[in-house]
Amino acid sequence: MRRPIALLFVLLSLLPLGVAAQQPSSHNLEVGKNLDIFNTLYSRLDLFYVDTLNPVQTMNAAINGMLRSLDPYTEYYPEDKGKDLQMMLTGKYAGIGALVKYHSQLKRVVIDVPYEGMPAAEAGLRKGDIILSIDDTLMADKTVSYVSSHLRGDAGTTFLLRVKRPSTGKEMKMKVTRRNIKLPELPYYGFLDNGGQDKKIGYIKLEQFTEDCAKEVRRAFVDLRNRGAQALVFDLRGNGGGSEMEAVDIVNIWVPQGQTVVENRGKVRQANHAYTTRFEPVDTIMPLVVLVDGETASASEITSGALQDLDRAVVLGTRTYGKGLVQVPMDLPYNTNVKITTSKYFIPSGRCIQAVNYGRSDGTGYKERIPDSLTHVFYTRGGREVRDGGGIKPDVEVKPDSIPNIAYYLSTGGLDSTEVMFDYEVDYISRHQQIAPAETFRLTDDDWAEFRRRVVESGFTYDALSRTHFNNLVKAAKFEGYYDEARDVFDALEKKLNHDVGHDLDIHRSIIQELMERDIVQAYYYQQGAIQLDLRTDNQVRAAVQLLNSSDDYQDVLRPAAKK
């Protein structure tokens, strides 16, 4: 049976709140007084202000100003933004199924990534195609949001899309029918390279907690186990959350029926609810590592935190985001909606992992991150020490590989005005009808040499960290009066730090080339292929595999400190 939409949002699964909590009479008087002031003020403005007020615009500004004094998750959705809320709740929208980006050189919006099996891919759109017009509306000098709003629409509607393919200069017209687009919540699962060792280690990547994702994870895990998986890496990195109930059902795959996974506690009675596992588990024994990072949030933190508190998995990576608040969507008059933070959630050890205190006393929405010194100790089921506040701290901390500044500038839209990496990738795709499988694809030395030449000749520049720190050091030395007597040292250091793009490309070739290979593979094998390619060099995945290969090391992590 399908659950109501209200249950599908992150943390939502609460019934609409119908009964207000008892409030002191003084509070009610203050509410009534200030509502009277607000109504009177607006009436005066509407009557006397020199220009005619736009009531929708003025009221939206007032509402949003009020909500800014609370937390960032309490949001108002006017009538024209109702679809944004539905997309957030369900993960679905109607459009063509492609990412677009602004090309700084062309000053046009172009196709970046078409999604597999979606209208954009089925129409033959490719990375780099320049969007010229949608129906009769020209798209020259338009923003990404403007173009995206025209690509989206009601499911089943058809529009005429005119694009230009940069490799041939040919303009193409095509009719595209919008469809309900739901990005895959589970884009890839399979087996990891275990370096020739016998143990078969499965891998599941979950992107979001949308409707029925728990069934997809369960199906993937059963398939891996039937194919011989002896351990599992469950990847929640970059997963911003979604449905609370889906999180509970995912934990249920590895945890027995009847176990409390999360409890919501709020100001009103209807906000309080405990969620327990409902089904028989699939496997309560197989070793499990959950990967997390700073973008693992909300329902992802419920999943990883509950598995940690129940000593059912080792959590590996970096500290999670720290969102321990629960939101509920509610209907308002005239087809408007609001999403309100109604409670905090608490995972099995009894802790809430909310990282930020959102103050209301001064009406400005100030926020204060909870320092580690003010967090409290809780204990997992087996007696291991864990803490509240500040997200989920991993059992094993492994930082990801860092990206040098030159690679960041080349690969990030808007930072490189030359678009040299993007254009190289588009040209490469146009010259190659097919490429090797994602796991084995490599750019050749000749490919790299051509790309290097293009970058140097393009005039590409970036802010080198060493140069930034040097300039700051010079300013500090001048301010403190040391610069003149150390001028010769500064001059010598400046020569050593002379910006040489070609030299920097050679130093960081492996990382830059991996980023290009990922983009190119995604154009042929879509998101699944990009993930497969990433797994080749992912140091956090390697650390998880190494831990799972040693039963003693794995069990030692789950053992309380007193027993180690």
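For the pair Ser104 and Lys173, what calculated FRET efficiency results from E = 1/(1 + (r/R0)^6), where r is the Cβ-Cβ distance and R0 = 25 Å, to the nearest 0.05? Walk me through the numbers on the way to the answer.
Values: r = 26 Å, r/R0 = 1.04.
About 0.45, to the nearest 0.05.
Between the stretch 212-249 and the stretch 110-174, what is the C-alpha centre distance in whole Å?
The two parts, judged by their Cα centres, are 34 Å apart.
Keeping all protein chains in place and using 1.4 angstrom, which order do Tyr77, Tyr189 fall into by accessible surface area, from largest down? Before the final figure, lay out each step's value.
Details: Tyr77 15, Tyr189 80 Å².
Greatest to least solvent exposure: Tyr189, Tyr77.
With label points built 7 Å along Cα→Cβ from the Cα atoms of Phe191 and Ser417, find their separation and express it in nm.
Going from the Phe191 label point to the Ser417 one covers 5.2 nm.
Full extension from Asp488 to Glu116: what is 0.36 nm times the residue separation minus their Cα-Cα distance, to one decimal in nm? Mind showing how you got there, number by number?
Details: separation 372, 0.36 × 372 = 133.92 nm, distance 5.89 nm.
Value of the extension gain: 128.0 nm.
Gain in length, Thr260 to Glu450, computed as 0.36 nm per residue apart minus the alpha-carbon separation, to one decimal in nm?
Extending this stretch completely gives an extra 62.6 nm.
Going out from 0 in 10 Å bins, what whole percent of all Cα-Cα distances in the stretch 179-242 drops into each bin?
Going from the shortest bin to the longest, the percentages are 21, 48, 24, 6, 1.
Enumerate the lysines that Lys475 could reach by cross-link, defined here as Cα to Cα under 19 Å, with residues fewer than 8 away along the same chain left out.
Qualifying lysines at Cα under 19 Å: Lys495, Lys496.
Subtracting the Cα-Cα distance from 0.36 nm times the residue separation, let me have the gained length for Lys182 to Leu374 in nm, one decimal.
Details: separation 192, 0.36 × 192 = 69.12 nm, distance 4.13 nm.
Between Lys182 and Leu374, full extension yields an extra 65.0 nm.
Counting only C-alpha contacts under 8 Å and six or more residues apart, can you give the relative contact order of the chain as a whole percent? Walk me through the numbers before you get to the answer.
Numbers: 1043 pairs, mean separation 79.8, N = 564.
RCO, the chain: 14 percent.
The values are calculated or read from the model by the stated rules, or taken from the named source; none is laboratory data. Being a predicted model, the structure only gives us computed values, none of them experimental. Reconstructed Cβ throughout: ideal geometry from the backbone, glycine too, with neighbour counts over all protein chains shown. Each accessible area value is taken on the protein alone, full model and side chains, heavy atoms only, with ligands, DNA and RNA left out. Shrake-Rupley method; radii C 1.70, N 1.55, O 1.52, S 1.80 Å.
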